[in-house]
2 protein chains.
Amino acid sequence: MSHLPALLQQHFPHLEPALRDELLQKSTHRQLQEGEVVVRTGQFLRSSVLLLSGLLKVYREDEEGNEFLMYFLEPGDACALSMLCAAREEQSAISAQAVTPAQVLLVPLPVTERWLTQYPSWHAFVIGTYRQRFEELLQTLDAVAFKSLDERLLFYLKRHRQVQGDHLKLSHQQIAQELNSSREVISRLLKKLEQRGVLTLHRNFIELHGLA
Amino acid sequence: MSHLPALLQQHFPHLEPALRDELLQKSTHRQLQEGEVVVRTGQFLRSSVLLLSGLLKVYREDEEGNEFLMYFLEPGDACALSMLCAAREEQSAISAQAVTPAQVLLVPLPVTERWLTQYPSWHAFVIGTYRQRFEELLQTLDAVAFKSLDERLLFYLKRHRQVQGDHLKLSHQQIAQELNSSREVISRLLKKLEQRGVLTLHRNFIELHGLA
DNA sequence: ACGCCTCTGTGACAAAAGTCACTGTGACAG
DNA sequence: CTGTCACAGTGACTTTTGTCACAGAGGCGT
């Protein structure tokens, strides 16, 4: 993986060089296939997860297998939960799955702990990560609490567009799952949106047009 | 306020003595009346909030005045959001209101920033606070996303009991607001719970009995 | 070509939640 | 005592969402 240093520099420019060097030494690199699950609900975490390339989705699952999307992680992001849980070696409350092939660095918990005091840039990074995730979670919560399903669907599509562009490779079934609804309902709502000219439906993908 | 040091020692025993001393010097003390709003949506925060006595509720409001309860803060807690927002002097996304008369300490942002590197116990406290709030928020999210209103009502009552005991001074209207529902619906559900023997309804308060 | 499977569309119905309209009732001020 | 007001209860109805049943359409292996 000769290009790791380049990826690091590209996506984590705010980390001081010495830290980046140590990051390479102390962490393990892992290649994820599309659809692979990195963090699973109930799992014990012993590492922080840094994303180098690709796209991860972070979601919540309950006992009965219902799930819903919390947010996406892009290169340069880290999983806030993995840091928080890691901080006490507790069970994860969430799951993370690779949406595209992805590369992650796994940094053992004790190392990240030490970095907090040793590298100011690491400390700032961690705080920034918490903040960002907290806010995204609040947005999700807002949507679920205040909005009707059709608004939530729009919100969902916009989020996807932000990270994937106007050509979304999604089945109605997947969408229903991530919004914790049912396929038929999503089908109907999508149909309405198509009639309004917001998008075009195809088999297994959706083309977005005039989405505000 | 001669008993401030005692309150601090009682509720923040994990902070090292030197830090507690500095806390007393650098922060301002504020007495809150029941119902008073400490942090308002959209407000700029320049201090972290530490709770010494009383009870605060933290909730989210949207544009149309809908709201819902996120979690409670008890003595010894701090508002995670106030720390995160403060860290960048940004606008608050939430509101906090005193449920009972309460006392808080307001610590100016730059001071808390310095403490992070200066006092290990402060750093641990901040991390712990984030973690705890994140988890409570996740629970709230779970409830809203996966549960039906009657289950959420139970969850809501349990939360209240945790901090207020079995005698809840609440009108149906208030409950409806905090669950972002309507009074009539809450009335009906409460009635059902009363029939099941879980609680007894009175004017302006509710008495809990066999709540699991 | 054929069967098989997944994805999609749709009508009919059921359940949950919200809304409207109205009644009753306790508390309290004057 | 009485008028007023916030709180509480309830029936009837609407809207939203979920469920069931089924049909067509595309892709894919054999």
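Just so you know, all these numbers are worked out from the coordinates, no wet-lab data involved. Because the structure is predicted, anything quoted here is derived from the model rather than measured. FYI the Cβ positions are ideal-geometry reconstructions off the backbone, even for glycines, and counts take in every protein chain you see.
Summary table
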| item | result |
| --- | --- |
| Distance between modelled label sites at residue A:46 and residue A:29, nm, 7 Å Cα→Cβ extension | 2.3 nm |
| Hydrodynamic radius by Kirkwood, which averages 1/r over all alpha carbon pairs of the protein assembly as shown, in angstrom | 23.5 Å |
| Cα Rg, Dmax (largest Cα-Cα span) when computed across the stretch A:76-152, Å | 15.2, 48 |
| Nm distances between copies for residue A:169, ranked from closest, using label points 7 Å along Cα→Cβ | 5.9 |
| With at most 16 neighbouring Cβ atoms within 10 Å, loop trypsin sites (Lys or Arg not before Pro) (DSSP) excluded, longest segment of chain B | B:89-146 |
| The stretch A:1-73: C-alpha gyration tensor shape, a/c 1.5 cut-off, then a/b vs b/c | prolate |
| Kirkwood hydrodynamic radius (C-alpha pairs) into Stokes-Einstein, the stretch B:148-208, 37 °C and 0.692 mPa s, D in µm²/s | 290 µm²/s |
| 5 Å binning of all Cα-Cα separations within the stretch B:28-116, expressed as whole percents from 0 upward | 3, 15, 26, 26, 19, 8, 2, 0 |
| Theoretical gain in end-to-end length, residue B:36 to residue B:203 [0.36 nm per residue, Cα-Cα removed] | 57.8 nm |
| For the stretch A:154-212 versus the stretch B:1-53, the gap between their alpha-carbon centres in whole angstrom | 47 Å |
| Extreme residue, positive dipole direction of the protein assembly as shown, given options A:165, A:15, A:112 (C-beta unit charges) | A:165 |
| Label 7 Å beyond Cα on the Cβ vector: residue B:31 copy-to-copy distances, nm | 6.8 |
| Length gained when the stretch residue B:184-residue B:91 is fully extended (0.36 nm per residue, less Cα-Cα span) | 30.0 nm |
| Per residue Cα convex hull volume in Å³ - calculated over the stretch A:119-181 | 100 Å³ |
| Selected from A:171, A:48, A:82 as most flexible by GNM, with chain A as the system and alpha-carbon contacts under 10 Å | A:171 |
| Residues whose placed amide H lies under 5 Å from that of residue A:38, excluding near-sequence neighbours | A:96, A:97, A:98 |
| Debye-sum result for chain A in log10 I(q)/I(0), which assumes one identical scatterer on each alpha carbon, at q = 0.10, 0.16, 0.17 Å⁻¹ | -0.48, -1.08, -1.18 |
| Residue A:136 versus residue A:10: modelled label distance in nm, points set 7 Å from Cα along the beta carbon direction | 1.9 nm |
| Size of charge dipole - the stretch A:1-127 - debye, nearest 20, with Cβ of Lys, Arg +1 and Asp, Glu -1, no other charges | 400 debye |
| Relative contact order (percent, whole number), chain A, Cα cutoff 8 Å, 6+ residue spacing | 21 percent |
